[in-house]
Amino acid sequence: MDAPDYKKKALLCREFGHCGKLLGKILPIFVLVSTPKYPWDETSKRNFYQTVHEMEAALISEAKRYGKSLSFESRYFYYSVKNEIGKQGKVTVEEILKEHFSDWNIDKLQNYYAEHFKVDSAPFFFVFNSFDRSYAYQGMRGYSLDGEYAILYTERKKYPAHTCMHELLHLYGANDLYYPDELKAIAEKYCPHSIMLAVDYTEVDSFTAYTIGWTDEPDRYAKYFVDYIEWLEHQPKL
């Protein structure tokens, strides 16, 4: 099997994301989903509001390093389901959208909220007060999507604000730098404190800054990072 085209994937991710560039006024939409076992009580809600506040502050600070301005105006919705939601859950995100928002097309919902609140973008998050691995569905602009959104889990996270920030960046084109191992090794050398490498940090590295629209051209470090990836994928396989 041929090696993955790391360079192509890394550069194409700049064109990913219905939200476009992470610039201007951002309206994150957080849908807090309560299940019978893991409801959202008032304490849990307050803790999550603080998580979002910390995420926003970190992103605003990082954007300033690149000479960019960000502002946030988050919105929260609350939804309860009768069954637990897991990988085989009966209630899907699409069903929640149809019942709570009267439309399952997140592209349309993002456009509606962006226009209604006069913001530049409106990323969607579905948040569960339980433990699991958070992730984001990412798509390419101009192509049909079933939906583009992030799933967040809150319980027992060491750095909840960092996780939230990591998944939000995915919705604007950021690429994971911790997988596969070859890519991780390069990232550990050239951008060891990147939030896309590990959520222990909040640094937006120069390559990620390029993919999310904070720079018009990758700087010399980001270019070297991509060139190294290209060299790696052309090495003979043992």
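Every number in this text was worked out from the coordinates using simple rules, so none of it is lab data. Being a predicted model, the structure only gives us computed values, none of them experimental. So basically every Cβ, Gly included, is an ideal-geometry build from the backbone, and we count neighbours across all protein chains shown.
Pull out the extension gain between residue 41 and residue 158, defined as 0.36 nm times the separation in residues minus the alpha carbon to alpha carbon distance; nm, one decimal.
Details: separation 117, 0.36 × 117 = 42.12 nm, distance 2.03 nm.
Stretched out fully, the residue 41 to residue 158 stretch lengthens by 40.1 nm.
Does the stretch 20-172 classify as rounded, prolate or oblate by the C-alpha gyration tensor (a ≥ b ≥ c root eigenvalues; a/c under 1.5 gives rounded; else a/b over b/c gives prolate, otherwise oblate)? Intermediate results must be reported in sequence, preceding the final value.
Working: a/c = 1.76, a/b = 1.22, b/c = 1.44.
Oblate is the answer for the stretch 20-172, as a/c is 1.5 or above yet b/c matches or exceeds a/b.
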Notebook entry, point to check: How large is ³J(HN,Hα) for each residue in the stretch 94-99, as worked out from phi by the Karplus curve 6.51 cos²θ - 1.76 cosθ + 1.60 (θ = phi - 60°), to whole Hz, x for Gly and Pro?
Noted result: 4, 5, 4, 5, 4, 7
Item checked: Cut-off under 5 Å, modelled amide H: who pairs with residue 152 long-range -> 126, 127, 128
Item checked: Calculated from backbone phi, Karplus (6.51, -1.76, 1.60) coupling profile of the stretch 163-175 in Hz, x at Gly/Pro -> 4, 4, 5, 4, 5, 4, 4, 4, 6, 10, x, 5, 10
Check: If amide H atoms are built 1.01 Å from N in the plane of the peptide, which residues on other chains or at least 5 residues away come under 5 Å of the amide H of residue 196?
Finding: 205
Notebook entry, point to check: Using modelled amide H (1.01 Å from N, peptide plane; none on Pro or chain starts), what sits under 5 Å from the amide H of residue 77, excluding residues fewer than 5 places away?
Noted result: 30, 31, 32
Checklist line | Phi-based couplings in Hz for the stretch 131-138 (Karplus 6.51, -1.76, 1.60; Gly and Pro marked x) | finding: 9, 5, 8, 6, 7, 9, 8, 10
Notebook entry, point to check: Which peptide among 115-123, 30-38 comes first, and what is the full order, when sorted by highest mean count of other Cβ atoms within 10 Å?
Noted result: 30-38, 115-123
Item checked: Shape category assigned to the stretch 170-217 from the gyration tensor of Cα positions, a/c cut at 1.5 -> prolate
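Among 59-65, 130-136, how do they line up by average Cβ neighbours within 10 Å per residue, starting with the highest? Numbers along the way, then the final one.
Details: 59-65: 16.4, 130-136: 14.6.
The most tightly packed comes first, giving 59-65, 130-136.
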Check: For labels at residue 92 and residue 231 in the simple 7 Å Cα→Cβ model, what's the distance in nm?
Finding: 4.5 nm
